[in-house]
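Novice: Before I ask anything, here is the structure I am working with.
The values are calculated or read from the model by the stated rules, or taken from the named source; none is laboratory data. Just so it is clear, the structure is predicted and the values come from calculations on it, not from any experiment. Here the Cβ positions follow ideal geometry from the backbone for every residue, glycine too, while neighbour counts run over all protein chains shown. Note: areas computed on protein heavy atoms with side chains; ligands, DNA, RNA excluded. Shrake-Rupley method; radii C 1.70, N 1.55, O 1.52, S 1.80 Å.
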Amino acid sequence: MTSTPASQAARTRLREAQQAEARALKNVDAAARTRARLAESLSDADTQLARAQAAVVVSSGLDRAAYLLDMGGAELRRRLRQADQADQVDGQRMVSITESSTARQA
């Protein structure tokens with residue numbers, strides 16, 4: 001069992017330290033909630049970007065899209081694959097890389 005401070009000054013210092021600690025923890029919690037909200041927004045923006053990039057692949061083909069987007073073909077392919085997996089989780093589906101290359105050839 002913890003003993004209570006003997007003097008009034010010690011009790012005041014302890015109370016101030018506890019209040020500072022509570023404020024610091026409140027700030028950490030607020031920052032964590034802000035970070036989570038921003039991470040969600042960034043994820044949504046990343047998904048929109050991937051969908052827009054997929055549209056370029058559909059209209060131009062993978063090689064030309066990689067050139068236009070200033071990305072390597074492998075990097076673009078990986079990005080579209082990740083976005084396709086994310087969309088399948090969301091219940092949506094982007095055009096796959098094979099479908100887009102077939103559409104370009106047709």
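Novice: Show me the ranking of peptides 41-51, 16-26, 57-67 by mean Cβ neighbours inside 10 Å, starting with the highest.
Specialist: Highest-to-lowest ranking by the protection proxy: 57-67, 41-51, 16-26.
Novice: Hey, another quick one. To one decimal place, what Kirkwood hydrodynamic radius in Å is obtained for the range 31-84 from all pairs of distinct Cα atoms?
Specialist: 11.9 Å
Novice: Right, here's the next one. Taking the Cβ of residue 19 as the centre, find all other residues whose Cβ is under 15 Å away and add up their charges (Lys, Arg: +1; Asp, Glu: -1).
Specialist: +3
Novice: Please give the contour-minus-distance gain from residue 8 to residue 81: 0.36 nm per residue of separation, less the Cα-Cα distance, rounded to one decimal in nm.
Specialist: Full extension from residue 8 to residue 81 adds 19.7 nm.
Novice: Please turn the phi angles of the range 71-79 into ³J(HN,Hα) values with the Karplus equation 6.51 cos²θ - 1.76 cosθ + 1.60 (θ = phi - 60°), one per residue in order, whole Hz, x for glycine and proline.
Specialist: Running phi through 6.51 cos²θ - 1.76 cosθ + 1.60 with θ = phi - 60° gives 10, x, x, 5, 5, 5, 4, 4, 4 Hz.
Novice: Roughly how many percent of the accessible protein surface of the range 22-91 is carbon and sulfur, given a 1.4 Å probe and a whole-percent answer?
Specialist: Percent of accessible area from carbon and sulfur atoms in the range 22-91: 53.
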